[in-house]
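Engineer: My structure is below; once you've seen it, I'll send some questions.
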Amino acid sequence: PSCARTQKMNSLVIMVLLCCSAQSSELELAEQACDTAIERGNAFLYSRQTKNGGLSLNATPALHDVWANAETNRSWHIATTSIAAMAWMAQPQDDARDLRIARAIDYLCKSPLVKRPDDWDTDNTWAYVYSLCALTRAGNNAYIEKTHRTKMIRQRAQVIMQELYKYQSPMGGWAYYADETKAVTPNWATSFQTAVAVIGLLEAKQLGWSVDEHRLRVAIDTLIHCRLPDGSYTYSVEIIPRVDTGTGIDNVKGGLSRIQSCNYALYLAKQMGYKSPIGHEQIITGLQQLFANHHYLDIARGRPTPHEAYHYNSGYFYFFGHYYAGLLLEMLPKKEAQPFFSPYVNSVVKTQHGDGSMLDFFLDASGKEYGAAFGVAGLCHARNSLK
């Protein structure tokens, strides 16, 4: 009997070792795939950077008439350049890459401010929130500091924040349309764009830059107000938030990407001493929800019409959500982040084209650039979670 028990124990040990070996092998393959995708994505982005530092400036006209305004497209080009700069700053220092970062930052600081495209269209806010986030990252970048650009970056960020404040709605957040009222100050606000603005403002405050504290606190409270009992966030800022049943958008299946961006903003707020319900447990739950329901984003990716997929998911939700999921992985302890690494890498790498680009929505030529920028940045932050 003791011999039989010993054999069983040995078999169990072998099974455990094989399982650990398989997991180790899977992790190593994911790391290799991640590194390769980052390298290929960088090569594509490098090829798209123009002499003045911006990306995608010669983009083809928008495929949808509603987005054909020149200022709308310029806003996306500014935002795309910002995301690419953030992707490069998330990587180890490299002389050639540092020069590209500096050129991109110069472009962001010296370009004319994006104007409001139309009475109903406030897509200029996308340029504001992402250029602010890029400038705050640059304000903490060792190479940029050596080049004596810090003062220029801070001054530009202050100008952008003042512009951004003009578009904070009475609901406490920001959105990219004002078609309900067409007012000077829009009434509509969304949770996810508010989250990006909050991240930029919090990072600016971390650097000691002047931030309107009241507006920041209101925006953080707005995000908390949007959070639903199932862990998702309402798409719009509602007076009375509610979970949608059936195929609605205001639930986990329709809010997979919003969960990641809002969780990251509120977790960062909590780290800086603000009241927030988001800790490690909520981050892990949100990531579990992302991968358990990932097929809804897979179905939406590449579809040409916004919100046509199940639960009103749009193709352009894909890389937006994955970028913030990568940031969240980096925030977690290694043991908690590691189980998500392989699924995360697989979900991003499988989208990469032969030229290194990534695409989730057919809009204009900037689609490949913002996809690659988001994808590379997210992979870099996810990769850091293993260190």
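Engineer: Tally time: how many residues in the stretch 305-317 are assigned to a loop (DSSP other than H, G, I, E, B) and either of a type in the set (V, I, T) or surrounded by 24 or more Cβ atoms within 10 Å (Cβ to Cβ) (or both)? Talk me through it step by step, then tell me what you get.
Structural biologist: Looking only at the stretch 305-317, we keep the residues that are assigned to a loop (DSSP other than H, G, I, E, B), and these are 305-309, 313-316.
When the remaining residues are screened for being either of a type in the set (V, I, T) or surrounded by 24 or more Cβ atoms within 10 Å (Cβ to Cβ) (or both), the result is 305, 313, 315.
The total comes to 3.
Engineer: With I14, I38 as the choices, which residue is at pLDDT 95 or above and among the β-branched types (V, I, T)?
Structural biologist: Numbers: I14 fails: at pLDDT 95 or above.
None of the other options fit; the residue is I38.
Engineer: Considering only the stretch 129-139, I want to know if a residue exists there that is touching a strand residue (DSSP E or B) at 6+ places or on another chain (Cβ under 6 Å) and either assigned to a loop (DSSP other than H, G, I, E, B) or buried (at least 24 other Cβ atoms within 10 Å of the Cβ) (or both). Give the derivation first.
Structural biologist: Taking the stretch 129-139 as the starting set, the residues that turn out to be touching a strand residue (DSSP E or B) at 6+ places or on another chain (Cβ under 6 Å) are none.
Checked against the condition, which is being touching a strand residue (DSSP E or B) at 6+ places or on another chain (Cβ under 6 Å) and either assigned to a loop (DSSP other than H, G, I, E, B) or buried (at least 24 other Cβ atoms within 10 Å of the Cβ) (or both), the stretch 129-139 yields no hits at all.
Engineer: On the basis of being closer than 30 Å to E39 by Cβ, of a type in the set (A, V, I, L, M) and at pLDDT 95 or above, does M89 make the cut? Quick ask: steps written out before the conclusion?
Structural biologist: Values: closer than 30 Å to E39 by Cβ: yes; of a type in the set (A, V, I, L, M): yes; at pLDDT 95 or above: yes.
Against the criterion (closer than 30 Å to E39 by Cβ, of a type in the set (A, V, I, L, M) and at pLDDT 95 or above), M89 qualifies.
Engineer: Filter the stretch 249-274 for residues that are part of a helix (DSSP H, G or I) and of a type in the set (K, R) and give the result.
Structural biologist: Those that are part of a helix (DSSP H, G or I) and of a type in the set (K, R): R258, K270.
Engineer: What tally of residues in the stretch 106-122 results from selecting those that are buried (at least 18 other Cβ atoms within 10 Å of the Cβ), closer than 21 Å to Q158 by Cβ and out of contact with any Pro (no Cβ under 6 Å at 6 or more places or on another chain)?
Structural biologist: If we filter the stretch 106-122 for residues that are buried (at least 18 other Cβ atoms within 10 Å of the Cβ), which is where we start, we get 107-109, 111, 114, 116-117, 121-122.
Restricting the remaining residues to those that are closer than 21 Å to Q158 by Cβ gives 107-109, 111, 114, 116, 122.
After this cut, where a residue has to be out of contact with any Pro (no Cβ under 6 Å at 6 or more places or on another chain) as well, the list is 107-109, 111, 114, 116.
Number satisfying all stated conditions: 6.
Yes or no, residue by residue, for (1) under 16 Å from E31 (Cβ atoms); (2) in a helix (DSSP H, G or I); (3) in contact with a helix residue (DSSP H, G or I) (Cβ under 7 Å, 6 or more places away or on another chain); (4) among the hydroxyl-bearing types (S, T, Y):
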residue: G286; (1), (2), (3), (4): no, yes, yes, no
residue: Q289; (1), (2), (3), (4): no, yes, yes, no
residue: I299; (1), (2), (3), (4): no, yes, yes, no
residue: R303; (1), (2), (3), (4): no, no, no, no
residue: F319; (1), (2), (3), (4): no, yes, yes, no
residue: L328; (1), (2), (3), (4): no, yes, yes, no
residue: P339; (1), (2), (3), (4): yes, yes, no, no
residue: S342; (1), (2), (3), (4): yes, yes, yes, yes
residue: E369; (1), (2), (3), (4): no, yes, yes, no
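Engineer: Next up: Give the number of residues within the stretch 275-284 that are assigned to a helix (DSSP H, G or I), touching a helix residue (DSSP H, G or I) at 6+ places or on another chain (Cβ under 8 Å) and within 16 Å of S232 (Cβ to Cβ). Step through it out loud before you land on a result.
Structural biologist: Here is the first cut: in the stretch 275-284, the ones assigned to a helix (DSSP H, G or I) are 280-284.
In the following step, the residues that additionally are touching a helix residue (DSSP H, G or I) at 6+ places or on another chain (Cβ under 8 Å) were identified as 280, 282-284.
Filter once more, keeping what is within 16 Å of S232 (Cβ to Cβ): 282-284.
Total satisfying the criteria: 3.
Engineer: Next question, about the same structure. Which one is surrounded by the most Cβ atoms within 10 Å (Cβ to Cβ), of the residues in the stretch 235-263 that are among the hydroxyl-bearing types (S, T, Y) and over 22 Å from Y165 (Cα atoms)?
Structural biologist: The selected residue is S257.
The values are calculated or read from the model by the stated rules, or taken from the named source; none is laboratory data. Just so we're clear, the structure is a prediction, and the values are computed from it rather than from any experiment. With ideal geometry, Cβ positions are generated from the backbone for all residues, glycine too; neighbour counts draw on all protein chains shown.
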